[in-house]
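**Student:** Submitted below is the structure of interest, expressed as C-alpha cells.
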Amino acid sequence: MLPELAAGFTLVGLTAYVVLGGADFGAGFWDLTAGGAKRGAGVRAMVKRGMSPVWEANHVWLIFVLVMLWTAFPEAFGSITSTLAVPLFLAGLGIVLRGGAFALKGEAATIAEARALGATFALASVLVPFFLGTTVGAIAAGEVPVGNAAGDEWASWTGPLPLFVGVLGVVTGAHLAAVFLGADSQRAGRPELVDAFRRRALGSGIMAGALAIAGVAVVESEAPRLYDGLTSGAGLACVLVSAAAGLATLWLEWRERFEVARYTAAAAVAAIVAGWAAAQEPYLLPPHLTVSEAAAPDETLLALVIAASVGLLLLIPALAWLFRLAVSGTLAYEEKPRP
C-alpha cells in the first residue's frame with residue numbers, strides 16, 4: 001500500500017510538471033520561432049507577460065518528483081540518474097541557462113546582449129523538454145537496467161522510442177503554451193495576438209495528434225509490453241480520454257474559447273501520463289524492477305507520505321492563489337520596448 005501511495009504522489013507531481021512546466025518550455029518555443037525583431041515583438045512581449053509571474057514556480061514540481069523518487073525508490077533513482085546521466089545533465093544545464101537568460105534579458109545593456117540572452121532562453125526551452133522526454137522514453141522502452149550505470153550511457157536514450165518521446169514533449173509543450181498564451185491575449189485585449197496564437201495552437205495541436213498516432217507503431221515495435229498496456233484496460237481508457245480531450249481542445253481553439261481550452265488541453269496531456277503509468281504497471285523500471293521491489297522501508301515511506309501530504313496542503317493553495325493573481329492580470333509584466 002505505501003509503495004503504491006508514494007508512486008501515486010510522484011505521478012501527481014510528474015503530471016503537474018508535464019502540464020505546467022511543459023507550457024513554460026513551449027512558450028520559449030514560440031519565442032524562438034516568432035520571427036524577426038519587428039514581426040515577432042508582439043509574440044515575445046506576450047510570452048514575457050504571461051511567464052514572468054509564474055514560470056519559476058512550476059519547477060517546484062520537478063523538485064518534488066526528484067525528492068519523492070530519491071527517497072521512496074532509491075534503487076530506481078540511482079539506476080535512472082546513472083544510466084541516463086547525459087540527457088539529465090543536459091536538461092539540468094538547459095534549465096539553469098534558460099532561467100538565467102530569462103531573468104537577465106530585460107537587463108541587457110545592448111541589443112546584442114539582449115539577442116544573445118533571448119536566443120539562449122529560446123533554444124534551451126526546446127532542448128530541455130526534448131532531453132527530459134528522451135529520459136522518459138528510455139524508461140518506457142526498458143533501457144534502464146537496475147544498477148549503477150548498468151545501461152549504455154548513449155544507446156539507452158538515443159533509440160527510436162526515446163527520441164520520439166523527446167520530440168512529442170517539445171510539440172506538446174508548444175501546444176499547451178499556445179493555448180495558455182491565447183487566453184492571456186484575450187484577457188489583455190489583443191485580438192491580433194489571439195489570432196496569432198490560435199493559428200499556432202491549431203497547427204501544433206494537429207501535429208501533436210499526428211505524432212501520437214504515428215507513435216503507436218513506434219511503441220509497438222520498440223516496447224511491445226507497453227503497447228499491450230496502452231491498448232487494453234486502464235491504459236486504453238486513458239488513451240481514449242486523451243484523444244477526446246484533444247479533439248475538444250481543437251474545437252475550442254477554432255472557436256477562440258481559450259479559457260476552457262486550457263483545461264481540456266491539460267486533461268489530454270495528463271491522461272497520456274496516466275496511461276503510461278497504467279500501461280507499465282507494476283513496473284517502475286520495466287521489465288526489471290517493480291514498484292514494490294524498488295520501495296524503501298515502510299518507516300521511510302510512511303514519513304515521506306505524511307510529509308508530502310502536509311506539503312501539498314500548503315503548496316497547492318499557494319500555487320492556486322498565485323495562478324489566480326496571474327490570470328486576473330494583477331501580476332502582469334509589460335515588456336517595455338528597447339530604444
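Every number here is computed from the coordinates shown, using simple stated rules; none is lab data. As the structure is a computational prediction, the values presented were derived from the model and not from experiment. As a convention, Cβ positions derive from the backbone with ideal geometry for all residues, glycine included, and neighbour counts pool all protein chains shown.
**Student:** Could you sort 303-310, 152-159, 176-183 so that the peptide with the highest average Cβ count within 10 Å comes first and the rest follow in order?
**Tutor:** Numbers: 303-310: 14.5, 152-159: 16.9, 176-183: 27.2.
Highest mean packing first, the order is 176-183, 152-159, 303-310.
**Student:** Moving on to the next point. Once amide H atoms are placed 1.01 Å from N in the peptide plane, what residues at a sequence separation of 5 or more from Leu289, or on another chain, have their amide H within under 5 Å of its amide H?
**Tutor:** Distant-sequence amide H within range of Leu289: Leu284.
**Student:** How tilted is helix 233-254 with respect to the longest principal axis of the chain? Cα atoms for both, answer in degrees (0 to 90, nearest 10).
**Tutor:** 0
**Student:** Roughly how many whole Å is it from the C-alpha centroid of segment 215-282 to that of segment 3-73?
**Tutor:** 19
**Student:** Let me ask you something else. Just subtract the alpha-carbon distance of Leu312 and Leu93 from 0.36 nm times their residue separation and send over the number in nm, one decimal. Walk me through the numbers on the way to the answer.
**Tutor:** Working: separation 219, 0.36 × 219 = 78.84 nm, distance 2.74 nm.
Result for the pair: 76.1 nm of gain on full extension.
**Student:** What do you get for the angle between helix 298-328 and the principal long axis of the chain? Use alpha-carbon atoms, 0 to 90 degrees, nearest ten.
**Tutor:** 10
**Student:** For helix 160-187, what angle does its Cα long axis make with the longest principal axis of the chain, in degrees from 0 to 90 and rounded to 10?
**Tutor:** On a 0 to 90 degree scale, this one is about 40.
**Student:** Can you sort Thr81, Thr10, Thr330, Thr300 so the residue with the fewest Cβ neighbours within 10 Å comes first? Could you put the intermediate results ahead of the total?
**Tutor:** On the way: Thr81 18, Thr10 23, Thr330 9, Thr300 15.
Lowest count first: Thr330, Thr300, Thr81, Thr10.
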